[in-house]
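Written below as structure tokens is the structure these notes are about.
The values are calculated or read from the model by the stated rules, or taken from the named source; none is laboratory data. Since the model is a prediction, treat every value here as computed from it, not as a measurement. Every residue, glycine among them, receives a Cβ derived from its backbone with ideal geometry; neighbour counts consider all protein chains shown. Side chains are part of the model used for accessible areas, which takes the heavy atoms of the whole protein and leaves out ligands, DNA and RNA. Shrake-Rupley method; radii C 1.70, N 1.55, O 1.52, S 1.80 Å.
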Amino acid sequence: RREDAPFEQRVLDDIGRGPAAFALQRDLGAIRAPTLLLWGDEDAVIDASAIAIFEAGLADARATLLNGCGHMPMMERTRETATAIRDFLQ
């Protein structure tokens, strides 16, 4: 991963601060599928405050915020993630 660090940093900089930072927001209204927003409240990559933006832009969204979880809920909180996905699909 150390060899890839400069590339990863450029990608994160572009997503977070470059012209692509809000690219998805303008297209959210076109998504009509029910959407689960599964987020960790300690996400250091994409702040959990983004949930509000996604909820406002998506026609049918359900948000689940996992306390004490970072950017990878499927690895950090496997049971809670599985439960959230199961409940969403039901």
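Leaving out ligands, DNA and RNA, what percent of the accessible area of the stretch 30-90 is carbon and sulfur, probe 1.4 Å?
So the carbon and sulfur contribution to the accessible surface is 55 percent.
What's the local net charge at residue 51, with K and R +1, D and E -1, over the other residues with C-beta under 12 Å away?
Net charge around residue 51: -3.
So what J values fall out for the stretch 73-90 if you push phi through Karplus, 6.51 cos²θ - 1.76 cosθ + 1.60 with θ = phi - 60°, rounded to Hz, Gly and Pro as x?
Each residue's phi maps through the Karplus curve to give x, 5, 9, 8, 9, 4, 5, 5, 5, 4, 5, 4, 5, 4, 4, 5, 6, 7 Hz.
Averaged per residue, what accessible surface does the chain expose to a 1.4 Å probe, in Å²?
Computed with neighbouring chains in place, this is 74 Å² per residue.
Which peptide among 33-42, 5-14, 72-81 comes first, and what is the full order, when sorted by highest mean count of other Cβ atoms within 10 Å?
33-42, 72-81, 5-14
Which cross-chain or sequence-distant (5 or more) residues have an amide H under 5 Å from the amide H of residue 35, H modelled 1.01 Å from N in plane?
Those lying under 5 Å, H to H, from residue 35 are 60, 61, 62.
Can you give the local net charge around residue 38? Use residues other than it whose beta-carbon is closer than 10 angstrom to its beta-carbon, Lys and Arg +1, Asp and Glu -1.
Residues near residue 38 contribute +1 overall.
Name the residues of the stretch 32-60 whose amide N is less than 11 Å from a point 7 angstrom out from the Cα of residue 76 along the C-beta direction?
39-48
Please list, ordered by chain and number, the residues whose modelled amide H lies under 5 Å from the amide H of residue 66; skip anything fewer than 5 residues away on the same chain.
Excluding prolines and chain starts, which carry no amide H, the hits are 39, 40, 41.
Tell me, what HN-Hα J-couplings in whole Hz come from the Karplus equation 6.51 cos²θ - 1.76 cosθ + 1.60 at θ = phi - 60° for each residue of the stretch 49-62, using x for Gly and Pro?
So the J values, rounded to whole Hz, are 5, 5, 4, 4, 5, 5, 4, 5, x, 8, 5, 9, 10, 10.
Grab the DSSP H runs of the chain that are 4 residues or longer, score each as -39,500 (n - 2.57), total them, divide by all residues and round the 222 nm result to the nearest 500 deg cm²/dmol.
Counting only the DSSP helices, I get -11500 deg cm²/dmol.
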